[in-house]
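We did not get these values from a lab; they are worked out from the coordinates using the rules stated. As the structure is a computational prediction, the values presented were derived from the model and not from experiment. Here Cβ is always computed from backbone atoms with ideal geometry, including for glycine, and neighbour counts include all displayed protein chains.
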Amino acid sequence: MNKIIIDPVLERVCLPPTEDEFNLLESQILRDGCQDALKVWDRNGELVLLDGHNRLKICKKHDTPYDTSTIEIDSIDEAIIWIVDNQKGRRNVATKEQQDYISGKRYEAEKNINRERDKNGLFKSVAPGTDNMHLDENSRTPHQSKTILRRAREEGVSHFKIGQNEKFAQGVDAVREVSPELAEKILKPDPTAPTLTKKAVSALPKLKAANPMKFVETVKAIDEALETKDKKIVEAVVRDHISPNEPTHEEKMIAKKHHLLPEHVQYANENNIPYDNMRTIEQIDAINARKASATCSTAWDGFYGCNCGIKFEMFGSEHAPVCCPHCGKSDGLKRAR
């Protein structure tokens, strides 16, 4: 029997089992043997494993014999598509990050297949989900657009979401080259700790292409920040290393309160300019017009907190008393934000 090769590129798109699933599979193999044949791809004489990574691991551990079944595959991209489509029934056990990663890899693989054409302009592959279509030599956009729209329709999401998933998958793969541990944290985040946003992960390949050394430093800094489990530290590291001009949550809230854009708030903070001075004449006229027509229910005055522990919204009006709606007192009020 030829030695079975495990390709790390293919292994990454395989959904790992839960501990209970693995233990159940191991007990079944010990009791009944390996009933299902391992699915392999004959790549120039090498048997590359497509399905059965856990069964192979268990069989090797206990010296259990197993059979193989060859699947007709022509490329690594077709192999990715086959694996992703073959495990559709296990999506419910994957995290949202794992699902987005697999979706991105599936789209990227299909797009790569659709780009491979013969001398007549016809696509060489007849892999699942592809179609032979003639394109002008200098034009690829129409077919790529068709691919992303098809993926969006089949997955029940927008084409924008599919594009985001592809960038996210590329970001995870870039991180994996430096820190496989961090890549696993991104795909299987700790629900009790802060996580790296999808936007931040998607920005990493661009940083890697522009400055490889800074990219390595950024990955290490992010890993250290996540270890602290402090959301503010993680946000600060991301802002400093990946998105230095990204507005903070506080700046966004201030911008909303003062009817400004977040970048206007940043400029005001950098130059010690009062926020109200950043408004245009048109904004001031519009605000004054709203105030003139404001009623008891529209003149919003912000969030307040009371010593009794209640937080509430205040609507300024000559008809409404300035007091806590819970305890009725006014001396313990303090603006929350």
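Could you tell me what fraction of 2.2 N^0.38 Å the Cα radius of gyration of the stretch 34-76 comes to, as a two-decimal ratio?
Working: Rg = 10.8 Å, N = 43, 2.2 N^0.38 = 9.2 Å.
Cα Rg divided by the expected 2.2 N^0.38 Å: 1.18.
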Given the stretch 4-72, what whole percent of its Cα pairs are spread farther than 16 Å?
-> 48
Which distance in Å, rounded to a whole number, links the C-alpha centroids of the stretch 225-248 and the stretch 181-203?
-> 12
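So between LYS146 and ASP36, what do we pick up on full extension, going 0.36 nm a residue minus the alpha carbon distance? Before the final figure, lay out the partial values.
Numbers: separation 110, 0.36 × 110 = 39.60 nm, distance 3.67 nm.
The LYS146-ASP36 span can extend by a further 35.9 nm.
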Based on other C-beta atoms within 10 Å, arrange TYR66, TYR107 from fewest to most.
-> TYR66, TYR107
Using a Förster distance of 30 angstrom, determine the FRET efficiency expected from the C-beta separation of ARG115 and GLU184, and round it to 0.05.
-> 0.50
Simple spin-label model, 7 Å along Cα-to-Cβ: LYS214 to THR64 in nm?
-> 5.2
List the aspartates and glutamates whose Cα lies under 15 Å from the Cα of LYS199, skipping any in the same chain that are fewer than 8 positions away.
-> GLU97, ASP100, GLU166, ASP173, GLU235, ASP240, GLU246
Where a Cα-Cα gap under 17 Å defines reach, which lysines qualify for LYS61, not counting those fewer than 8 residues away within the same chain?
-> LYS3
What net charge do the residues around GLN164 carry, taking every other residue with its C-beta under 11 Å from that of GLN164, with Lys and Arg at +1 and Asp and Glu at -1?
-> +2
Please report THR64, THR192 as a ranked list, fewest other C-beta atoms within 10 angstrom at the top and most at the bottom.
-> THR192, THR64
Counting Lys and Arg as +1 and Asp and Glu as -1 over every other residue whose Cβ sits under 9 Å from the Cβ of VAL13, the net charge comes to +2
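Give, as a single signed number, the net charge of other residues whose beta carbon lies under 10 Å from the beta carbon of VAL40, with Lys and Arg counted +1 and Asp and Glu -1. Mind dumping the intermediate values first?
Values: positive: LYS39, ARG43; negative: ASP42, GLU46, ASP51.
Surrounding charge for VAL40 is -1.
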For the stretch 9-40 versus the stretch 63-118, the gap between their alpha-carbon centres in whole angstrom | 17
